[in-house]
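Heads up, the thing below is written out as structure tokens.
The values are calculated or read from the model by the stated rules, or taken from the named source; none is laboratory data. The shown structure was predicted, so the numbers you read here are calculated from the model rather than taken from an experiment. In this analysis, Cβ positions are derived from the backbone assuming ideal geometry, glycine residues included, and neighbour counts consider all displayed protein chains.
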Amino acid sequence: MNDLSFDVHPGGVTGFLGPNGAGKSTTMRLMLGLVRGEGVTTFGGRRIDQLHQPLRTVGAMLDPTAHNPRRSARAHVRIFTAAAGMKPRRADEVLALVGLSDVASHPSGAFSLGMQQRLALAAALAGDPEYLVLDEPANGLDPQGIRWLRDFLTALTDEGRTVLLSSHQLAEMAQTADQLIVLGRGRILTEGRLSEFVGQFSRRGVLVRSPQIERLAECLQVNGFGPFSAEGADGLVIDGEAGTEQIGELAAHYGVVLHELTARTSTLEEAFLHATAGSVDFEAFS
């Protein structure tokens, strides 16, 4: 792991992305002082070992299965409320926040992975912290649970909290994060606003469908548009800076009938794959 230096956007969600093995989980553990390494992380200007009651400042969710399966959800969270110097009723408050009130007295070993994720999130919130470090909190959640998590994180940041969030759910990250940090082989590949990241690594183009697709391809080639590639039997994706207006006017000039003319920009997933193409240790063969 190389020395890393980055800023987490205050009062918002910073997405922490990278291929498997990039060092995301290790970095989070280094930030929390759980493993030794180089570099310094500060929360509100202080390292975690300088905080009188760390759980009042930083809440972490790293491993949702790290609980005694015979212990009830309430008893598990009360360990964290006690460590944070909070009153016992705080456990029931955070269990209600994450939707586990009805199973608060049940042994956590009977919980699904999604319920364990919620329990780990409740424990992270036990001390009412300003900062949250969350490693893959959406893992195991169903679509309703993922939507709930998105809305929940938005509510937390609206209260002024700061969230560092790692996830492989890139479509969901695109709707949740304000900022992104992308890691590859222990190095920062890029960081900044999500929109800037997608813009930097996006592939722009125009999708065209026509019953005269071969004729359209000839016209595009003659006029220097492209490169372009086939999209099904009647479609082309035209890369480059040409917009829908130019392509539409070209087709009209040559009398080519169009059935579709759509501007295309990359998704976060496509931009991520482009940005990390040289940082993947293992490729699948087809």
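So that you can scan it fast, the table gives a plain yes or no per residue for (1) of a type in the set (Val, Ile, Thr); (2) assigned to a loop (DSSP other than H, G, I, E, B); (3) surrounded by fewer than 16 Cβ atoms within 10 Å (Cβ to Cβ):
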{"residue": "THR157", "(1), (2), (3)": "yes, no, no"}
{"residue": "LEU165", "(1), (2), (3)": "no, no, no"}
{"residue": "ALA171", "(1), (2), (3)": "no, no, yes"}
{"residue": "ILE181", "(1), (2), (3)": "yes, no, no"}
{"residue": "LEU189", "(1), (2), (3)": "no, no, no"}
{"residue": "LEU216", "(1), (2), (3)": "no, no, no"}
{"residue": "GLN221", "(1), (2), (3)": "no, no, yes"}
{"residue": "ALA233", "(1), (2), (3)": "no, yes, yes"}
{"residue": "ILE238", "(1), (2), (3)": "yes, no, no"}
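Cβ contacts < 7 Å: first residue in the same structural domain as GLY140 (by TED's automatic domain parsing), restricted to the range 62-74; second residue in a loop (DSSP other than H, G, I, E, B), any location; separation 6+ or different chain. Result?
Going by the 7 Å Cβ cut-off, the qualifying pairs are SER72/ALA104; SER72/SER105; SER72/HIS106; ALA73/LEU100; ALA73/ALA104; ALA73/HIS106; ARG74/ALA104; ARG74/SER105.
When the range 175-194 is examined, which residues are found to be under 21 Å from LEU121 (Cβ atoms) and out of contact with any Gly (no Cβ under 9 Å at 6 or more places or on another chain)?
GLN175
Sort out which residues of the range 156-179 are in contact (Cβ under 8 Å) with a residue 60 or more places away in the chain and within 19 Å of ASN139 (Cα to Cα), and write them in order of number. Write out each step before concluding.
Within the range 156-179, the subset in contact (Cβ under 8 Å) with a residue 60 or more places away in the chain is 157, 160-167, 170-171, 173-174, 176-179.
Passing the criteria: VAL163, LEU164, LEU165, SER166, SER167, LEU170, ALA171, MET173, ALA174, THR176, ALA177.
Counting just the residues of the range 175-202 that are in contact with a Lys or Arg (Cβ under 8 Å, 6 or more places away or on another chain) and not hydroxyl-bearing (Ser, Thr, Tyr), which one comes out farthest from ARG161 (Cα to Cα)?
LEU183
Given the criteria more than 26 Å from GLU270 (Cβ to Cβ) and touching a Leu at 6+ places or on another chain (Cβ under 9 Å), does PHE152 qualify?
Considered against the rule, which asks whether it is more than 26 Å from GLU270 (Cβ to Cβ) and touching a Leu at 6+ places or on another chain (Cβ under 9 Å), PHE152 comes out as yes.
From GLY33, GLY45, grab the single residue that is surrounded by 12 or more Cβ atoms within 10 Å (Cβ to Cβ), at pLDDT below 95 and among the small types (Gly, Ala, Ser).
GLY33
So which residues in the range 56-106 are touching a Leu at 6+ places or on another chain (Cβ under 7 Å) and surrounded by fewer than 17 Cβ atoms within 10 Å (Cβ to Cβ)?
Across the range 56-106, the qualifying residues are ALA83, LEU97, SER101.
Being closer than 30 Å to ASP178 by Cα, among the hydrophobic types (A, V, I, L, M, F, W, C) and touching a Gly at 6+ places or on another chain (Cβ under 8 Å) is the filter; apply it to the range 198-214 and report the residue that is surrounded by the fewest Cβ atoms within 10 Å (Cβ to Cβ).
Out of the qualifying residues, it is LEU207.
Which count do you get for residues in the range 241-286 that are in contact with a Lys or Arg (Cβ under 6 Å, 6 or more places away or on another chain), assigned to a loop (DSSP other than H, G, I, E, B) and at pLDDT 75 or above?
2
Among the helices (runs of 4 or more DSSP H) contained in the range 29-98, which hold 3 or more residues that are among the charged types (D, E, K, R)?
Ranges flagged: 89-97.
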